[in-house]
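For reference, the structure is listed below as structure tokens.
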Amino acid sequence: MINAMNSELHRTELEDLGVLRFTGPDAVRFLQGQLSSDVTRVATGYATLAGYHNPQGRTIALLRLVALAEGELLALLPRELAAGVAQRLTKYVLRAKVVIAEVSQEWRVSALAPAAELTRGEPAGSDSAPRAAAEPIRLALGEQAARWLELAPRTAASHLDPAAREQWRLLEIRAGIPQVYAATSERFVAQMLNLDALGAIAFDKGCYSGQEVIARAHYRGRVKRRAQRWRSRAPLTLTPGDAGVLPDGRAFEVVHGACLPDGRCEFLAVAPLGPPEGDSRGEAPTVDAEPLDLPYALTP
């Protein structure tokens, strides 16, 4: 699939992403006991979404796992969370033969998408794009991906184009892909972020942090609040953790949002799937927004 990529790809630097490295003969086994996805199925050439949760099933961070070699994996996550997640995971290493390191300064992370979608990034083959001594690693986001991540050892300073970064965030929102930041860490149970619909939860694997709560919600519970997609009808800026109320009275909390060229905002937010129960308005502002489809189905 990687060889079949459209030659007219644009690249944008994702300088806000950090990188963790896991090395050692027990790296996979250790992560299997910490994350919600099946780490044994992480495949070369793909970036696998996984959740790291607290014992109450609330998501501490979302990681994209990358298999480099046997006993060596990378995890991509917001840089603002990287050091804290590494420190938190290290507490559980105990006798496992695994070393956890925060290596954000060693890797350059870029996004690749067709030029028609990511118009503000550098052309992927441009001489002005940063070069690395080693061949970059390109990772498909899903089996039918039109988007990729590119990892390369850092050999020069990266260039962050805020407009291109906003476009990439918009592509993630339209794909229904959530993200967790410092403002929303431990705010949402896994299913509120649709991790089950995205294949980031393996219900047939052994125990991991938060597994009991997440499994109970899947088999016996009812998930009343889910991440859904909207577009504001007027210029608006929303950031992760912002709260508001929809015109129908449903309260929402922003997962992440992106500004459109006309100033309106497209955003993912956790809100009830059904009508609000009682008055949920409180002091949160009402946001005039239209609902938009996600590329996957949501079930209570």
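Every number here is computed from the coordinates shown, using simple stated rules; none is lab data. Owing to the predicted nature of the structure, the values given are computational and were not obtained by experimental measurement. Ideal geometry is used to build each Cβ from the backbone, glycine not excepted, and the neighbour counts take in all protein chains shown.
List of remarks:
- Stokes-Einstein D in µm²/s, Kirkwood radius over Cα pairs - the chain at 37 °C with 0.692 mPa s viscosity: 164
- Highest-MSF residue in the chain out of Arg154, Arg58, Arg21 [GNM, Cα springs under 10 Å]: Arg154
- Ordering of 209-217, 288-296 by burial proxy (mean other Cβ atoms within 10 Å per residue, highest first): 209-217, 288-296
- Using θ = phi - 60° and Karplus 6.51 cos²θ - 1.76 cosθ + 1.60, couplings along region 220-225 (whole Hz; Gly, Pro as x): 10, x, 9, 8, 8, 10
- Under-5 Å amide H pairs with Gln228, H placed in peptide plane, nonlocal only: Ala269, Val270, Ala271
- Size descriptors for region 203-276, from the alpha-carbon set: Rg then Dmax equal 15.7, 48 Å.
- Rounded to whole numbers, the Karplus 3J(HN,Hα) couplings from phi for region 259-269 are 7, 8, x, 8, x, 6, 10, 9, 8, 9, 8 Hz, using 6.51 cos²θ - 1.76 cosθ + 1.60 with θ = phi - 60°, and x at Gly and Pro.
- Our coupling estimate for region 172-183, obtained by passing each phi through the Karplus curve with A = 6.51, B = -1.76, C = 1.60 and θ = phi - 60°, is 5, 4, 5, 7, x, 8, x, 8, 10, 10, 4, 5 Hz, Gly and Pro reported as x.
- Lys97 long-range amide H proximity, modeled H, under 5 Å: Asp26
- When Val98, Val223 are arranged by Cβ crowding within 10 Å, least crowded first, meaning fewest neighbours, the order is Val223, Val98.
- FRET efficiency, Glu186 to Thr155 (Cβ-Cβ, R0 41 Å, nearest 0.05): 0.70
- Cut-off under 5 Å, modelled amide H: who pairs with Arg154 long-range: Trp107, Arg108
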